[in-house]
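Reading through the structure tokens given below for one structure.
The values are calculated or read from the model by the stated rules, or taken from the named source; none is laboratory data. As the structure is a prediction and not an experimental result, all values here were calculated from the model. All Cβ positions, glycine included, derive from the backbone under ideal geometry; neighbour counts span all protein chains shown. To get the accessible areas, we keep the full protein, side chains included, count just its heavy atoms, and leave off ligands, DNA and RNA. Shrake-Rupley method; radii C 1.70, N 1.55, O 1.52, S 1.80 Å.
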Amino acid sequence: MPDVYKRVGPSVVVIQAGKSLGTGVIAADDGTILTAHHVVKGAKDVNLTFADGTKAKAVVSSSNPKRDVATLKPAKLPEIVVPATLGGGVAVGAPVVAIGNPLGLAYSVSTGVVSGLDRSAEQGDLSGLIQFDASVNPGSSGGPLLDARGLLIGIVVSIADPGGDEAFAGIAFAVPIGVALGGEDGEGPDGPRI
């Protein structure tokens, strides 16, 4: 896993959108960033911090609230742009890595496995999600879910929250990368988004 982090870490971005803290991932050579829609929803100012310390403003270039994904266009890019490499299908039991900013702890890494496929978020109508058990918390939203080779397979969007305290209970959800990049439509989740 250290190799996965070393390879993908430069693609991960800290997002501050108003009072909302989240994560994004560079998904294209032009610096386009994928994140969760709810991280940037309604924000007047979106501020980015890239892995090399470069700071920039960004605008939301596209958004799909029904899938809880958005793309950002940075006003400025780091000297070296390192997009994540896009992956494909996943299997139940396959190892995964999540990188994000849980509770403000920037560039945190957690590992786990794919717990299920084609899931729906608790209290929500979004289906087709990847369920995984790598630890994520508020601030992790919009971050990359990676396979064991470091390929981008999903965008983290929510957690199951049976206690209602926004604490990780071992169940998290990600929008598959194909859907995040413009696949099929669906209704957005109403459950706890991190």
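Results, tabulated for the structure shown:
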quantity: Enumeration of residues in segment 112-155 that are closer than 17 Å to T23 by Cβ and either open to solvent by 30 Å² or more (accessible area, probe 1.4 Å) or in a loop (DSSP other than H, G, I, E, B) (or both); calculated: A134, S135, V136, N137, P138, G139, S140, S141, G142, G143, G150
quantity: Qualifying residue in segment 43-53 (condition: charged (D, E, K, R), open to solvent by less than 40 Å² (accessible area, probe 1.4 Å) and outside any strand (DSSP E or B)); calculated: no
quantity: Every residue from segment 126-158 that is β-branched (V, I, T) and within 14 Å of I177 (Cα to Cα); calculated: I130, I153, I155, V156, V157
quantity: Selection status of S110, modelled with pLDDT of 95 or more, polar (S, T, N, Q) and closer than 21 Å to M1 by Cβ; calculated: yes
quantity: Counted residues, segment 21-42 - those being at positive phi and in a strand (DSSP E or B); calculated: 0
quantity: Considering residues of segment 60-86 that are assigned to a strand (DSSP E or B) and over 14 Å from G182 (Cα atoms) only, the residue least open to solvent (accessible area, probe 1.4 Å); calculated: L72
quantity: Among (1) farther than 15 Å from G100 by Cβ; (2) among the aliphatic types (A, V, I, L, M); (3) touching a helix residue (DSSP H, G or I) at 6+ places or on another chain (Cβ under 6 Å), the one test that L72 misses; calculated: (3)
quantity: Members of segment 22-38 that are open to solvent by 10 Å² or more (accessible area, probe 1.4 Å) and either closer than 18 Å to Y107 by Cα or in contact with a Cys (Cβ under 8 Å, 6 or more places away or on another chain) (or both); calculated: A27
quantity: Matching residues, segment 87-104, being open to solvent by 60 Å² or more (accessible area, probe 1.4 Å) and modelled with pLDDT under 95; calculated: G89, L103
